[in-house]
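Okay, structure first, notes after.
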Amino acid sequence: MNWLLVGPLIAGLLTAPTTPADTWTVEAPAGGPVATVHLDAQGSPSVAVSRGGATVLNPSPLGVTTEQADLTTGLSLTGRSSRAVVEKYSTTAGKRLHRLSVMKETRFRFTRGDSELDLVVRAARDGVAYRYELPGAGAVLGEASAFAVPAGSTAWLARHRADYENPFIQYADVPPAEYQMPTLFGVGQNYLLLAESALNGAYTGPRLVRDQDTYRIALWDARVPYDHGLATPWRVMVTGDLATVTESTLVDDLAPGSRVADTSWIKPGKVLWSWLADGRSAQQSLKRQKEFVDYASQHRWPYVLVDAGWYDDPDTGERAWTDRTPEFTWMPELVEYGKARGVGIMAWLRFSDFDTHDKRVQRFGLLRQWGVQGVKLDFIDSEAQERLQWYDETLRDLADNHLMVNFHGSSVPKGINRTWPHVMTMEGVHGAEKSSNLTTSHLAALPYTRNQIGSMDYTPMAFQRAGRPTSDAHELALSVVFESGLANLAGSLEAYRARPEAERFLDQVPTVWDETRLLSGRPADHTVMARRSGDRWFIGAGVSGAARTLQVPVGFLPGRWLVEVTRDGAGGLVREAHVVRGSTLAVEVGAEGGFAAIACRWRPGLTTCAR
């Protein structure tokens, strides 16, 4: 860490401006947002957020109600302290592997009679967050927390459901309903993303209730008990221009540090996934799964995922997992077959078959004994406190058995990969399995909403599906536009082989990144995303709607670079090479189209970035 650079930031963080006695500000480093905390005459607290003098969030209510006291009103400030929070950490997946987080934190101690409530507010260059802390034991009955988004803001929202699998829709006038977090708003020249961080079994999950001019936090459980004190999840407001919001790692920055000391066994990568290609029949066929292993080995893809049905009776479809082993399985043979060819095996599992500690110890241990390298746990479908406690316990058991995990029918990432680095991805998305009602406008909202907060198992590359809304080049670009530590790619072997340019690109593209940049975008309209791996940049672009010319900024590439562009052509995917130096690169894309590209430093005689 370069303390010559960080030191002045800390000094600036600890300098507080003069404010009225009942109003206090928490300022981020230069250029960042300002949080203004206010206590009104009735003793009710609120928070507002501004950036560059412009309002991003109007004064919004704060506080909690417990079984002991109503801590939303009648409060008095009895203490206030500030500190700098500077953390350097690494992750196993995400927008970039190495992070530096610098935040200003102010703790406000409020009391009402004998009851205490600490409000902890943090401000960073890319946003503001707050949480509540309560001493002792008790139970939370609800929060006053709400977000007063300025009128006239454009919104990109998804209706709430237990598995977070509704599409994102753009609204000018948002109807009353329950919505999921994250949500995105365009507020004047700024954007505002509402999210959550550090949710675990100590609390319960949220949803946003559109109520007149505010979005109110409603809790999954009506009563949330706690012992030995409580720190609630962070309520997060990422704000800035669209690039700042999209590239932000604030949700991860606020989460607890890693609980896994040795991460050497955690290896992200591409996964060949047969479910959308062949359905259940392929999951119950050792012969077919070996064909997928052979393809993965040929193309140096590190994993194959065997999905639902592999441990069911192939004739009756009934579950066949006993206390010792599935009665029907060839999984150990497939694992050995894959190991001989350099391909690891991932296995789909039902949540309900792993709902107790004893089941997990026995069955995860068996999978590890076989040599399975990761699991896909499905049908979790809840953010109740009891289910969040299951996540906490299951993540420990998975780590003990060196099993990576992909959660499906699940919550969404809320800093989970920082705390549990073997969480490679989560579903929580209206994904490719929903091809009958997918739209490119939804796809063009995902980088700024669901995928902004962490790895997303959208499962792209299902070229064989007639109902998908994307062109071939747009679909290929999703391997860069969407981030997922384990990228479950959903094409059939026949569809890949019919698209050699897609194969060529997919064989090159990684799933972990050293750097991420949004080059151009507008939610629900288009995305041009650049991600760096080592000394190469990968660029993915997709549009919603009419054909157009995308002017791709390439000024961030110093000197001359070779850019290989794969786009839609008259007879299928075509590849073009461009030598660029600064400025922009113009790329023609068709309706619902896009492109995928690799950029590397040019030298005389260089004709390809492939390795």
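The values are calculated or read from the model by the stated rules, or taken from the named source; none is laboratory data. A quick note: this is a predicted structure, and the numbers were derived from the prediction, not measured. Here the Cβ positions follow ideal geometry from the backbone for every residue, glycine too, while neighbour counts run over all protein chains shown. Heavy atoms of the whole protein, side chains included, go into the accessibility calculation; ligands, DNA and RNA do not. Shrake-Rupley method; radii C 1.70, N 1.55, O 1.52, S 1.80 Å.
With the condition kept exactly as written, say whether any residue in the range 513-520 is among the β-branched types (Val, Ile, Thr), under 21 Å from the mean Cα position of the chain (by Cα) and assigned to a loop (DSSP other than H, G, I, E, B).
No, there is no match, as no residue in the range 513-520 is among the β-branched types (Val, Ile, Thr), under 21 Å from the mean Cα position of the chain (by Cα) and assigned to a loop (DSSP other than H, G, I, E, B).
Of the conditions (1) assigned to a helix (DSSP H, G or I); (2) open to solvent by 10 Å² or more (accessible area, probe 1.4 Å), THR394 clears all except one; give me its number.
Condition (2) is where THR394 drops out.
Could you tell me whether GLY342 is modelled with pLDDT of 95 or more, within 23 Å of GLU503 (Cα to Cα) and out of contact with any Gly (no Cβ under 8 Å at 6 or more places or on another chain)?
Yes, satisfied.
Taking LEU562 as the residue in question, decide whether it is assigned to a loop (DSSP other than H, G, I, E, B), open to solvent by less than 20 Å² (accessible area, probe 1.4 Å) and either out of contact with any helix residue (DSSP H, G or I) (no Cβ under 9 Å at 6 or more places or on another chain) or under 15 Å from LYS95 (Cα atoms) (or both).
For LEU562, the condition - assigned to a loop (DSSP other than H, G, I, E, B), open to solvent by less than 20 Å² (accessible area, probe 1.4 Å) and either out of contact with any helix residue (DSSP H, G or I) (no Cβ under 9 Å at 6 or more places or on another chain) or under 15 Å from LYS95 (Cα atoms) (or both) - is not met.
Hey, does the range 280-293 have a residue that's buried (at least 24 other Cβ atoms within 10 Å of the Cβ) and in contact with a Gly (Cβ under 8 Å, 6 or more places away or on another chain)?
Yes: one or more hits.
Any residue at all in the range 250-263 that is more than 28 Å from the chain's Cα centre (by Cα), over 30 Å from ARG161 (Cα atoms) and either open to solvent by less than 20 Å² (accessible area, probe 1.4 Å) or free of Cβ contacts under 8 Å to residues at least 40 places away in the same chain (or both)?
No; the residues of the range 250-263 include none that is more than 28 Å from the chain's Cα centre (by Cα), over 30 Å from ARG161 (Cα atoms) and either open to solvent by less than 20 Å² (accessible area, probe 1.4 Å) or free of Cβ contacts under 8 Å to residues at least 40 places away in the same chain (or both).
Go through the range 302-316 residue by residue and tally those that are open to solvent by 40 Å² or more (accessible area, probe 1.4 Å) and either free of Cβ contacts under 8 Å to residues at least 24 places away in the same chain or of a type in the set (A, V, I, L, M, F, W, C) (or both).
Counting residues in the range 302-316 that are open to solvent by 40 Å² or more (accessible area, probe 1.4 Å) and either free of Cβ contacts under 8 Å to residues at least 24 places away in the same chain or of a type in the set (A, V, I, L, M, F, W, C) (or both) gives 3.
Quick check on the range 174-181. Is at least one of its residues under 29 Å from GLU386 (Cβ atoms), of a type in the set (Asp, Glu) and within 22 Å of the chain's Cα centre (by Cα)?
Among the residues of the range 174-181, at least one is under 29 Å from GLU386 (Cβ atoms), of a type in the set (Asp, Glu) and within 22 Å of the chain's Cα centre (by Cα), which makes the answer yes.
Considering only the range 573-596, I want to know if a residue exists there that is among the aromatic types (Phe, Trp, Tyr), open to solvent by 10 Å² or more (accessible area, probe 1.4 Å) and under 27 Å from the mean Cα position of the chain (by Cα).
No - not one qualifying residue is present in the range 573-596.
Does THR459 satisfy the criteria of being closer than 23 Å to VAL528 by Cβ, open to solvent by 10 Å² or more (accessible area, probe 1.4 Å) and either assigned to a loop (DSSP other than H, G, I, E, B) or touching a Pro at 6+ places or on another chain (Cβ under 6 Å) (or both)?
Considered against the rule, which asks whether it is closer than 23 Å to VAL528 by Cβ, open to solvent by 10 Å² or more (accessible area, probe 1.4 Å) and either assigned to a loop (DSSP other than H, G, I, E, B) or touching a Pro at 6+ places or on another chain (Cβ under 6 Å) (or both), THR459 comes out as no.
Select from the range 371-391 the residues that are within 20 Å of ALA308 (Cβ to Cβ) and among the acidic types (Asp, Glu) and write down the one among them that is least open to solvent (accessible area, probe 1.4 Å).
ASP378
Would you check if ARG235 is part of a strand (DSSP E or B) and open to solvent by less than 10 Å² (accessible area, probe 1.4 Å)?
Yes.
Checking the conditions here, which among LEU199, LEU193 is among the hydrophobic types (A, V, I, L, M, F, W, C), surrounded by 23 or more Cβ atoms within 10 Å (Cβ to Cβ) and outside any loop (DSSP other than H, G, I, E, B)?
Among LEU199, LEU193, only LEU193 is among the hydrophobic types (A, V, I, L, M, F, W, C), surrounded by 23 or more Cβ atoms within 10 Å (Cβ to Cβ) and outside any loop (DSSP other than H, G, I, E, B).
Looking only at the range 4-42, which residues are in a loop (DSSP other than H, G, I, E, B), open to solvent by 30 Å² or more (accessible area, probe 1.4 Å) and modelled with pLDDT of 50 or more?
Once the filter is applied, which keeps residues that are in a loop (DSSP other than H, G, I, E, B), open to solvent by 30 Å² or more (accessible area, probe 1.4 Å) and modelled with pLDDT of 50 or more, the range 4-42 yields PRO20, ALA21, ASP22, ALA30, GLY31, ASP40, ALA41, GLN42.
Okay, residues lined up against (1) within 23 Å of LYS270 (Cβ to Cβ); (2) modelled with pLDDT of 95 or more; (3) of a type in the set (D, E, K, R); (4) more than 25 Å from the chain's Cα centre (by Cα):
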site: GLN373; (1), (2), (3), (4): yes, yes, no, no
site: ASP381; (1), (2), (3), (4): no, yes, yes, no
site: GLY409; (1), (2), (3), (4): yes, yes, no, no
site: THR419; (1), (2), (3), (4): no, yes, no, no
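Would you mention how many residues in the range 155-199 are in contact (Cβ under 8 Å) with a residue 60 or more places away in the chain and either among the hydroxyl-bearing types (Ser, Thr, Tyr) or at positive phi (or both)?
Qualifying residue count, the range 155-199: 6.
What are the pairs with Cβ atoms under 9 angstrom where one residue, in the range 108-133, is at pLDDT below 95 and the other, located anywhere, is crowded, with 22+ Cβ neighbours inside 10 Å? Sequence gap at least six, or different chains.
none
Looking at the structure I just gave you, is PRO447 open to solvent by 10 Å² or more (accessible area, probe 1.4 Å) and in contact (Cβ under 8 Å) with a residue 12 or more places away in the chain?
Against the criterion (open to solvent by 10 Å² or more (accessible area, probe 1.4 Å) and in contact (Cβ under 8 Å) with a residue 12 or more places away in the chain), PRO447 does not qualify.
Here's a check for you: in the range 397-435, which residue that is of a type in the set (D, E, K, R) and in contact (Cβ under 8 Å) with a residue 40 or more places away in the chain is most open to solvent (accessible area, probe 1.4 Å)?
Of everything passing the filter in the range 397-435, GLU433 is most open to solvent (accessible area, probe 1.4 Å).
Can you confirm whether GLU475 is open to solvent by 20 Å² or more (accessible area, probe 1.4 Å) and assigned to a helix (DSSP H, G or I)?
Here the answer is no, as GLU475 does not meet what is asked.
In this structure, is SER484 open to solvent by 10 Å² or more (accessible area, probe 1.4 Å), within 18 Å of VAL271 (Cβ to Cβ), at pLDDT 95 or above and in contact with an Asp or Glu (Cβ under 6 Å, 6 or more places away or on another chain)?
yes
Quick check on the range 47-99: of everything there that is charged (D, E, K, R) and within 30 Å of ALA399 (Cα to Cα), which residue is most open to solvent (accessible area, probe 1.4 Å)?
Among those that are charged (D, E, K, R) and within 30 Å of ALA399 (Cα to Cα), it is LYS88.
Identify the residue in the range 329-353 that is buried (at least 17 other Cβ atoms within 10 Å of the Cβ) and over 30 Å from the mean Cα position of the chain (by Cα) and, among all such residues, is farthest from TRP275 (Cα to Cα).
It comes out as TYR337.
Picking from THR516, THR511, which residue would you name as being in contact with a Gly (Cβ under 7 Å, 6 or more places away or on another chain) and modelled with pLDDT of 95 or more?
So the residue among THR516, THR511 that is in contact with a Gly (Cβ under 7 Å, 6 or more places away or on another chain) and modelled with pLDDT of 95 or more is THR511.
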